[in-house]
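> I'd like to ask you about the structure that follows.
What follows draws every value from the coordinates through simple rules; no lab data is involved. Bear in mind the structure is a predicted one, so any value in this text is a computation, not a measurement. Glycine gets a Cβ as well: all are built from the backbone with ideal geometry, and neighbour counts include every protein chain shown.
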Amino acid sequence: MGYNSIYKENLFAGQNIIVTGGGSGIGRCAAHELSALGANVIIVGRKVEKLQQVASEIEEDGGRVDYFSCDIREEDNVKSMVKKIVAKHGHVSGLVNNAGGQFPAPLASINQKGWETVVRTNLTGGFLVAREVYSQSMSKNGGSIVNIVADMWGGMPGMGHSGAARAGMVNFTQTAAIEWGTSGVRVNAIAPGWVATSGMDTYPPHMKPYILSLKDAVPLKRMGTESEISSVICFLLSEGANFISGDCIRIDGAASQGSRVWPLPKAKNSHSYNGFHRATTPKIFQQAETSPDTDNNS
């Protein structure tokens with residue numbers, strides 16, 4: 001059993017595609033789907049153990065994969081890593097700028113170090129990787145970059161540091177699409193809404209009720225799957241999106257379009273797509289499914 005992608009076989013055959021943050025969550029899923037579609041996937045992250053695990057999974061499934069440990073917040077490290085990737089694998093056709101991280105906190109309690117750490121991870125790091133991939137490879141042969149941001153439209157209360165960084169990444173996407181377009185490089189972004197990933201299990205216990213209630217604010221009355229995010233990433237990297245650049249696609253079940261004055265009744269006819277054969281339900285939702293007090297009509 002392999003990845004059940006909606007796209008044609010060998011869509012990315014012969015292409016080298018980098019996925020940052022490839023050791024877990026959306027990055028792991030995208031790496032699997034891209035590999036299943038014929039790409040030589042290079043996953044990047046800070047924790048070697050996670051990268052090795054995902055690489056082992058992809059190899060077991062018959063895919064081609066390599067991995068590099070790198071702190072993308074450090075300019076010299078990024079330059080060196082991209083140089084090694086290009087020397088080893090050749091031209092980089094695609095980049096999935098997925099690495100990121102944040103912690104929940106109101107603005108008034110975020111100190112300078114915490115603010116700068118999140119901005120460096122979610123904005124500066126993505127810029128550095130994209131710039132080096134462009135400068136060392138795509139400027140010569142073209143390519144496609146997909147930046148992963150977040151549902152930060154209208155503010156991001158409780159995670160203002162991440163919201164500011166993600167908004168900056170959207171503007172970077174628009175600017176890069178203009179500056180790099182003449183080299184045949186397309187730059188787009190996607191903004192996932194509430195997606196059931198392993199990252200949900202990293203938040204403190206007091207946020208559990210909030211996380212379990214997120215689906216109630218989505219018109220489709222459910223959370224998204226990693227596969228539903230990965231399929232859009234694959235589309236934007238594909239030749240079918242060759243005239244799309246400088247855009248940001250919201251993948252959030254219309255949650256960011258919601259209004260408090262419009263009530264959301266129970267939904268129907270909304271079914272999730274999950275083609276990822278190695279996907280697992282986050283522990284927080286597994287526990288909720290076994291609780292008699294939890295409403296699971298989603």
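> Karplus couplings for the range 170-187 from phi (6.51 cos²θ - 1.76 cosθ + 1.60, θ = phi - 60°), rounded to Hz, Gly and Pro as x?
These are the phi-based 3J(HN,Hα) values: 5, 5, 4, 4, 5, 5, 5, 4, 6, 5, 9, x, 6, 8, x, 10, 9, 10 Hz.
> Just need the relative contact order of the chain here, percent rounded to a whole number, with Cα pairs under 8 Å and 6+ apart.
RCO, the chain: 18 percent.
> Another question about this same structure. If you wrap a convex hull around the alpha carbons of the range 1-125, what volume per residue comes out, as a whole number of Å³?
It is 116 Å³ per residue.
> Restricting the calculation to Cα positions, tell me the Rg (one decimal) and the Dmax (whole number) of the range 194-273 in Å.
Cα radius of gyration and Dmax of the range 194-273 are 15.0, 45 Å respectively.
> For the range 69-129, what number results from the quotient of the Cα radius of gyration and 2.2 N^0.38 Å?
1.36
> Oh, and also: Can you work out the PRE-style zone for Ser139? Point 7 Å along Cα to Cβ, and I want the residues of the range 62-91 with backbone N under 20 Å.
74-91
> Give the Debye-formula value of log10 I(q)/I(0) at each listed q (0.06, 0.08, 0.12, 0.13 Å⁻¹), with one equal scatterer per alpha carbon of the chain, two decimals each.
Here the Debye-derived log intensity ratios amount to -0.19, -0.33, -0.77, -0.91.
> List every residue whose amide H lies under 5 Å from the amide H of Ile42, counting only residues 5 or more places away in sequence or on a different chain, with H placed 1.01 Å from N in the peptide plane.
For Ile42, whose amide H was placed from the backbone, the distant partners under 5 Å are Ile17, Ile18, Val19, Asp66.
> Under a 5 Å amide H to amide H cut-off, with H placed in plane at 1.01 Å, what residues pair with Arg186 once short-range neighbours are removed?
The list, which skips near neighbours in sequence, is Gly143, Ser144, Ile145.
> If r is the Cβ-Cβ distance from Gln257 to Leu107 and R0 is 30 Å, what FRET efficiency results, to the nearest 0.05?
Efficiency for this residue pair is about 0.75.
> Let me ask another. I'd like the Karplus ³J(HN,Hα) series for the range 116-122: coefficients 6.51, -1.76, 1.60, θ = phi - 60°, whole numbers in Hz, and an x wherever there's a Gly or Pro.
5, 5, 5, 5, 5, 6, 8
> Next up: Can you list the GluC sites (Glu not before Pro) in the range 168-235 that are in a DSSP coil and have 12 or fewer other beta carbons within 10 angstrom?
Here no loop site has a sparse enough neighbourhood.
> Related question: Mind scanning Lys8/Lys88; Lys215/Lys266; Lys215/Lys268; Lys83/Lys140; Lys88/Lys140; Lys47/Lys84 and naming the pairs with a C-alpha gap bigger than 20 Å?
Those over the limit are Lys8/Lys88.
> How big is the C-alpha Rg of the range 149-252 next to the rule-of-thumb value 2.2 N^0.38 Å, as a ratio?
1.21
> List the trypsin sites (Lys or Arg not before Pro) within the range 172-267 that DSSP assigns to loop and that have no more than 12 neighbouring Cβ atoms inside 10 Å.
Arg260, Lys266
> Check Ile249: other-chain or 5+ apart residues with amide H under 5 Å from its amide H, H built from backbone geometry?
Here Ala189, Ile190, Ala191 satisfy the definition.
> In the chain, once you exclude exposed chymotrypsin sites (Phe, Trp or Tyr not before Pro) (DSSP loop, at most 13 other Cβ within 10 angstrom), what's the longest stretch remaining?
It runs 1-242.
> What list of ³J(HN,Hα) couplings, whole Hz, do you get for the range 9-23 from phi and the Karplus terms 6.51, -1.76, 1.60, once you set θ to phi - 60° and write x for glycine and proline?
Taking θ as phi minus 60°, the curve returns 4, 6, 4, 10, 4, x, 9, 9, 10, 8, 10, 7, x, x, x Hz for the range 9-23.
> Taking only the alpha-carbon positions of the range 218-263 and ignoring solvent, what does the Debye formula give for the base-10 log of I(q)/I(0) at q = 0.16 Å⁻¹?
Results for the range 218-263 at q = 0.16 Å⁻¹ read -0.57.
> Using only the alpha carbons, work out the radius of gyration and Dmax of the range 43-107 in angstrom.
Values for the range 43-107 (Cα only, Rg and Dmax): 14.0, 46 Å.
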